[in-house]
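S.K.: Before I ask anything, let me first share the structure, which is written out below as structure tokens.
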Amino acid sequence: MAALLTAGCSGASSAVPKDARAVVGELPGPASTLFFPARWRPPRPRPPLVLVGPELLDARVLYDHEGALVPFLIDRGYPVLLVNAARGPFPDEFGSAGLVRLVEQMHERTGAKEIVVGGVGPGGRHALGLVDALERHRDGAPPVRVSKLFFLGTGLDYAYPDPFFARLDAEGLKGPDLRAQCKDPARRAVCKRMFRSSVRSSGYMDLLRFRAPTAPAPDLRFVADLLVPALFIVGKTDNVSPAESVVPVYRAYGTTARDVPKRYFIAGLENQLSQDYDELSLLLDISAESEVYPIIGAWLDG
Amino acid sequence: MKRLVSDALLRGLHAAIILLALTLTACASHPIHLAGEIAHPKTDDGWPLTLEHLPPADGAPRRSEPVILCHGFLANRTYFKLNEEHSLAAMLQAAGYDVWLLDLRGRDAAGAPSYYFGERTYSYAIDDFIKRDVDTAISHVLKMTGAKHVTWIGHSMGGMIAYARIGSLGEDRIAHLVTIGSPGVLPHAGRTLLQMYSMSGGLAVLAVVPVAPFAHLKVATGLPFTPQALIDMLWYPGNVEPEIEEQVLRHTATNLSKGEARQFLRAFQDGEFVSKDGEIDYSKNLVNVRVPVLLVAGRRDNLGDPASIRAAYERLGSEDKTLIMAERSRGYSEDYGHTDLLVGKRAHREIHPRIVAWLAAHDGR
């Protein structure tokens, strides 16, 4: 974690972990990809896992420290293709177009006919668009089946009263580069309040990256028609991707078919975990590996 | 005969526990001085309620409506008096409100029910609060004050029964409503609630869920007679002073009737709050609530969780509705839990003044 924070302070973001073997695919605009091969080959091979996000935080929170999510997944046999926002926030159409092209390239190169999709942080919302495109075969989507879907700390519906991103606007944090803005001494106090975490580190500000472009609330009614089994994990004290931004989508998800497996899990004391998790601690707290990620592992394996 | 003996034994045991608690903790006790005139109006099915009258402070501005404060699940009206001068009740008095603290049926102040036999047992459900107790309380307050309407402030279930009364039974004597940690649609049950649900089969043999005796035992002995997982559901320990926690357990813990427990657990299981017979969908009928509503929510609240409060906010038919979310990113000192919203360390500075300000802005409107 110290290395991660040090790198964050220096502004460097090019350090590629030794697990990441190759950069795959061509993506539009600011996104890039990293591929992490599975560390273990189970008797029944796991499908590749396309992990979307984060956008708000440096993507290294997912792989560059002990107990991170990506090592957890590749240890379980899932090859992980991480799509992250490297040079700016994802464009709005990312999920429906950019990610589809990426999966298409992967399908052409590897022949993979089945994938797992995950979304992390607010950027992870684009995973919904990807799943929708693949299920409906739109945007030229290849014949690839999504077998499971999960979200970790991903806000999906920000139409609740006085939502997080509107409050960022109201506080004057309107540009896409949050880290640069939060370095401004005049905004430091606001940033500390908006991005508080139980993780004992002053590094949150340095890990900040990009905020999504302000856009009208998307029409999420399509989630009722989705058929992919989906898991939604929310940090109890996550004010960036709070429960109220997830539950309406969870409730509506897969309701057309009625029997789509889905699960909603609050990472907090009410589920007898050691703490109430927030946006950052879901990704950086060492206990997440033993308390939260096994929920994902069990969901994917089940 | 066996049941009569059993009832007497249980009552005797509980009395002994209370005596033990009082004796062992007398030195550390924090008595509650705020007290008003007590009345025990009876419901139309013969249950005495308790209404405690706290008149407006001398010299305070006159307000147009009396205010009824109604407690929640597992509690009684004393909740509103903890913290003494920092309590919501005291702040409302100081702001000129005629305050009435309500104990719903089954609370000790009006005579504790029997466990098995007797004139009144723990046989009631939440429907009885909605249909009879709220009606009786409002009628009594209007009669005593000469007012035409009341303001209702409910914590947790105390707000839910007001939603249900207005939305499903057409109650038109509540002009303004404040709900604090009150889900209109129930949150998705976490592990602790699911464990409680899995144990609900025990209600077939129990006369009551004996919350009060165990709370008193915890106060008396310091031993964990109330599981920490349950405490975590009710408040965030980091945001409640230890002496307030002790007062909550000592003065407000109330036994849970089987009917209440079953109705609640079913709601947590299904997500919708419905009548015991399933005929009335109180959650669905939130759309019929059209009075001005202030909803107060806490980020850490596990019973009135923010997602369920959002659902209530969106379903309410009111044009004038305001949602306050008590969380650190909005400048509050802490991410508030369920009970913290009333008795948290800084609730008197961060929560109560916003309620009083909202009421003042709506006074006479």
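S.K.: So if I check each of B:Leu230, B:Leu249, which one is free of Cβ contacts under 8 Å to residues at least 60 places away in the same chain, under 17 Å from B:Ala75 (Cα atoms), within 14 Å of chain A (Cβ to nearest Cβ) and not small (Gly, Ala, Ser)? Before you say what the answer is, go through the steps one by one.
M.R.: Values: B:Leu249 fails: within 14 Å of chain A (Cβ to nearest Cβ).
Going through B:Leu230, B:Leu249 in turn, just one is free of Cβ contacts under 8 Å to residues at least 60 places away in the same chain, under 17 Å from B:Ala75 (Cα atoms), within 14 Å of chain A (Cβ to nearest Cβ) and not small (Gly, Ala, Ser): B:Leu230.
S.K.: Do the conditions hold for A:Arg136, that is, is it modelled with pLDDT of 90 or more and either within 23 Å of A:Leu220 (Cα to Cα) or within 14 Å of chain B (Cβ to nearest Cβ) (or both)? Spell out the reasoning first.
M.R.: Details: modelled with pLDDT of 90 or more: no; either within 23 Å of A:Leu220 (Cα to Cα) or within 14 Å of chain B (Cβ to nearest Cβ) (or both): yes.
Judged against the criteria, A:Arg136 is not a match.
S.K.: Tally the residues that are within 14 Å of the chain's Cα centre (by Cα) and assigned to a loop (DSSP other than H, G, I, E, B), restricting the search to segment B:72-86. Can you show your working first?
M.R.: Of all residues in segment B:72-86, those within 14 Å of the chain's Cα centre (by Cα) come to B:72-82.
Filter once more, keeping what is assigned to a loop (DSSP other than H, G, I, E, B): B:72-76, B:82.
Final tally of qualifying residues: 6.
S.K.: Quick one: A:Lys174 ticks every box in (1) assigned to a loop (DSSP other than H, G, I, E, B); (2) of a type outside the set (Gly, Ala, Ser); (3) within 28 Å of A:Thr33 (Cβ to Cβ) except a single one, so which number is it?
M.R.: If we test A:Lys174 against (1) assigned to a loop (DSSP other than H, G, I, E, B); (2) of a type outside the set (Gly, Ala, Ser); (3) within 28 Å of A:Thr33 (Cβ to Cβ), just (3) comes out false.
S.K.: Filter segment A:97-129 for residues that are in a loop (DSSP other than H, G, I, E, B) and either in contact with a Ser or Thr (Cβ under 7 Å, 6 or more places away or on another chain) or modelled with pLDDT of 90 or more (or both) and give the result. Outline the logic, then answer.
M.R.: Restricting attention to segment A:97-129, the residues satisfying the condition of being in a loop (DSSP other than H, G, I, E, B) are A:111-113, A:121.
Answer for segment A:97-129, where residues must be in a loop (DSSP other than H, G, I, E, B) and either in contact with a Ser or Thr (Cβ under 7 Å, 6 or more places away or on another chain) or modelled with pLDDT of 90 or more (or both): A:Lys113, A:Gly121.
S.K.: In segment B:299-315, which residues are within 7 Å of another protein chain (Cβ to nearest Cβ), closer than 24 Å to A:Ser197 by Cβ and out of contact with any helix residue (DSSP H, G or I) (no Cβ under 7 Å at 6 or more places or on another chain)? Lay out the reasoning, then the answer.
M.R.: Restricting attention to segment B:299-315, the residues satisfying the condition of being within 7 Å of another protein chain (Cβ to nearest Cβ) are B:299-300, B:302, B:305-307, B:310, B:313.
Imposing the further condition that a residue be closer than 24 Å to A:Ser197 by Cβ reduces the set to B:299-300, B:302, B:305-307, B:310.
Matches in segment B:299-315: B:Arg300 only.
S.K.: Then there's this: Considering every residue within segment B:318-341, establish whether at least one is touching a Leu at 6+ places or on another chain (Cβ under 6 Å) and either more than 14 Å from chain A (Cβ to nearest Cβ) or within 20 Å of B:Leu74 (Cα to Cα) (or both).
M.R.: Kept after step one, since they are touching a Leu at 6+ places or on another chain (Cβ under 6 Å), are these residues of segment B:318-341: B:322-323, B:338-339.
Right, trim to either more than 14 Å from chain A (Cβ to nearest Cβ) or within 20 Å of B:Leu74 (Cα to Cα) (or both) and you get B:338-339.
Yes, that holds for at least one residue.
S.K.: Please work out which residue is nearest to A:Val247 (Cα to Cα), limiting yourself to segment A:101-151 and to residues that are in contact with a Leu (Cβ under 6 Å, 6 or more places away or on another chain) and among the basic types (Lys, Arg).
M.R.: Residue satisfying both the conditions and the ranking: A:Arg125.
S.K.: Restrict the check to segment B:179-188 and report whether at least one residue is assigned to a strand (DSSP E or B), within 13 Å of chain A (Cβ to nearest Cβ) and in contact with a helix residue (DSSP H, G or I) (Cβ under 6 Å, 6 or more places away or on another chain). Lay out the reasoning, then the answer.
M.R.: Initial filter on segment B:179-188 (assigned to a strand (DSSP E or B)): B:179-180, B:185.
So of that shortlist, the ones also within 13 Å of chain A (Cβ to nearest Cβ) come out as B:185.
Keeping just the survivors that are in contact with a helix residue (DSSP H, G or I) (Cβ under 6 Å, 6 or more places away or on another chain) gives B:185.
Checking segment B:179-188: at least one residue is assigned to a strand (DSSP E or B), within 13 Å of chain A (Cβ to nearest Cβ) and in contact with a helix residue (DSSP H, G or I) (Cβ under 6 Å, 6 or more places away or on another chain).
S.K.: Which one is nearest to the other protein chains (Cβ to nearest Cβ), of the residues in segment B:197-213 that are crowded, with 19+ Cβ neighbours inside 10 Å and part of a helix (DSSP H, G or I)?
M.R.: So the residue we want is B:Val211.
S.K.: Among the numbered conditions (1) part of a helix (DSSP H, G or I); (2) farther than 30 Å from A:Arg136 by Cα, tell me where A:Gly297 comes up short.
M.R.: Unmet condition: (2).
S.K.: Sticking with this structure for a sec: Regarding A:Ser202, is this residue modelled with pLDDT under 90 and within 13 Å of another protein chain (Cβ to nearest Cβ)? Let's see the steps before the verdict.
M.R.: On the way: modelled with pLDDT under 90: yes; within 13 Å of another protein chain (Cβ to nearest Cβ): no.
So A:Ser202 fails the test.
S.K.: Output the residues belonging to segment B:42-95 that are touching a residue at least 40 places away in the same chain (Cβ under 8 Å), under 20 Å from B:Ala137 (Cα atoms) and polar (S, T, N, Q).
M.R.: Within segment B:42-95, B:Thr43, B:Thr50, B:Ser64, B:Asn76, B:Thr78 qualify.
S.K.: Next up: Test A:Leu207 against the criterion of being crowded, with 21+ Cβ neighbours inside 10 Å and more than 14 Å from chain B (Cβ to nearest Cβ), and give yes or no.
M.R.: On the way: crowded, with 21+ Cβ neighbours inside 10 Å: yes; more than 14 Å from chain B (Cβ to nearest Cβ): yes.
Spelling it out, A:Leu207 is indeed crowded, with 21+ Cβ neighbours inside 10 Å and more than 14 Å from chain B (Cβ to nearest Cβ).
S.K.: I'm trying to understand the selection: among the residues of segment A:255-281, which are within 9 Å of chain B (Cβ to nearest Cβ) and polar (S, T, N, Q)?
M.R.: Once the filter is applied, which keeps residues that are within 9 Å of chain B (Cβ to nearest Cβ) and polar (S, T, N, Q), segment A:255-281 yields A:Asn271, A:Gln272.
S.K.: Then there's this: Which number in (1) over 18 Å from the mean Cα position of the chain (by Cα); (2) part of a loop (DSSP other than H, G, I, E, B); (3) within 14 Å of chain A (Cβ to nearest Cβ) marks the one condition that B:Lys148 misses?
M.R.: For B:Lys148, the failing item is (3).
S.K.: Filter segment A:36-61 down to the residues that are at pLDDT 90 or above and under 15 Å from A:Val117 (Cα atoms) and list them by number.
M.R.: A:Phe36, A:Arg46, A:Pro47, A:Pro48, A:Leu49, A:Val50, A:Leu51, A:Val52, listed by residue number.
S.K.: Among the residues of segment A:231-254, are any more than 14 Å from chain B (Cβ to nearest Cβ), in a loop (DSSP other than H, G, I, E, B) and modelled with pLDDT under 90? If you could, list the steps in order and put the result at the bottom.
M.R.: Of segment A:231-254, the ones more than 14 Å from chain B (Cβ to nearest Cβ) are A:254.
Next cut, in a loop (DSSP other than H, G, I, E, B) only: A:254.
Filter again for modelled with pLDDT under 90, leaving none.
Within segment A:231-254, not a single residue is more than 14 Å from chain B (Cβ to nearest Cβ), in a loop (DSSP other than H, G, I, E, B) and modelled with pLDDT under 90.
S.K.: Let me ask something else about it. With the requirement that a residue be surrounded by 24 or more Cβ atoms within 10 Å (Cβ to Cβ) and either of a type in the set (Val, Ile, Thr) or modelled with pLDDT under 95 (or both), what does segment B:151-180 give you?
M.R.: B:Thr151, B:Ile153, B:Ile161, B:Ile166, B:Val178, B:Thr179, B:Ile180, listed by residue number.
One line per residue, one yes/no per condition, for (1) of a type in the set (A, V, I, L, M, F, W, C); (2) more than 20 Å from the chain's Cα centre (by Cα); (3) closer than 24 Å to B:Leu359 by Cβ:
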{"residue": "B:Val248", "(1), (2), (3)": "yes, no, no"}
{"residue": "B:Glu260", "(1), (2), (3)": "no, no, no"}
{"residue": "B:Ala312", "(1), (2), (3)": "yes, no, yes"}
{"residue": "B:Arg315", "(1), (2), (3)": "no, yes, yes"}
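S.K.: For segment A:145-163, indicate whether the set of residues that are surrounded by fewer than 21 Cβ atoms within 10 Å (Cβ to Cβ), away from every other protein chain (no Cβ under 14 Å) and touching a residue at least 40 places away in the same chain (Cβ under 8 Å) is non-empty. Spell out how you get there, then give the answer.
M.R.: Step one: list which residues in segment A:145-163 are surrounded by fewer than 21 Cβ atoms within 10 Å (Cβ to Cβ), which gives A:145, A:147, A:157-159, A:161-163.
Then keep just the ones that are away from every other protein chain (no Cβ under 14 Å); that gives A:145, A:147.
Then drop every residue that is not touching a residue at least 40 places away in the same chain (Cβ under 8 Å), which leaves A:147.
So far as segment A:145-163 goes, yes, one or more of its residues are surrounded by fewer than 21 Cβ atoms within 10 Å (Cβ to Cβ), away from every other protein chain (no Cβ under 14 Å) and touching a residue at least 40 places away in the same chain (Cβ under 8 Å).
S.K.: On the given criteria, is A:Val61 closer than 25 Å to A:Asp206 by Cα, β-branched (Val, Ile, Thr) and in contact with an Asp or Glu (Cβ under 9 Å, 6 or more places away or on another chain)? Talk me through it step by step, then tell me what you get.
M.R.: Values: closer than 25 Å to A:Asp206 by Cα: yes; β-branched (Val, Ile, Thr): yes; in contact with an Asp or Glu (Cβ under 9 Å, 6 or more places away or on another chain): no.
It is false that A:Val61 is closer than 25 Å to A:Asp206 by Cα, β-branched (Val, Ile, Thr) and in contact with an Asp or Glu (Cβ under 9 Å, 6 or more places away or on another chain).
S.K.: Which residues, taken from segment A:183-193, are more than 14 Å from every other protein chain (Cβ to nearest Cβ) and in contact with a helix residue (DSSP H, G or I) (Cβ under 7 Å, 6 or more places away or on another chain)? Walk me through it before giving the result.
M.R.: Taking segment A:183-193 first, the residues more than 14 Å from every other protein chain (Cβ to nearest Cβ) are A:183-188.
Within segment A:183-193, A:Arg187, A:Arg188 qualify.
S.K.: B:Ala162 versus (1) part of a strand (DSSP E or B); (2) within 22 Å of B:Gly304 (Cα to Cα): which is the lone unmet condition?
M.R.: Failed condition: (1).
S.K.: Could you tell me how many of the residues in segment B:276-298 are away from chain A (no Cβ under 14 Å) and within 18 Å of B:Arg354 (Cβ to Cβ)?
M.R.: Here the count works out to 1.
S.K.: Considering only strands (runs of 3 or more DSSP E) fully contained in segment B:31-71, which possess at least 1 residues that are in contact with a strand residue (DSSP E or B) (Cβ under 7 Å, 6 or more places away or on another chain), of a type outside the set (Ser, Thr, Tyr) and closer than 21 Å to B:Ser156 by Cα?
M.R.: Working: elements: B:37-39, B:50-54, B:67-70.
Correct list: B:50-54, B:67-70.
S.K.: Just checking, how many residues over segment B:307-353 are among the β-branched types (Val, Ile, Thr), in contact with a strand residue (DSSP E or B) (Cβ under 8 Å, 6 or more places away or on another chain) and farther than 22 Å from B:Gly190 by Cα?
M.R.: The qualifying residues number 3.
The values are calculated or read from the model by the stated rules, or taken from the named source; none is laboratory data. Only a predicted model underlies this, so the values are computations on that prediction, with no experimental measurement involved. Heads up, the Cβs are rebuilt from the backbone with ideal geometry, glycines too, and the neighbour counts pull from every protein chain shown.
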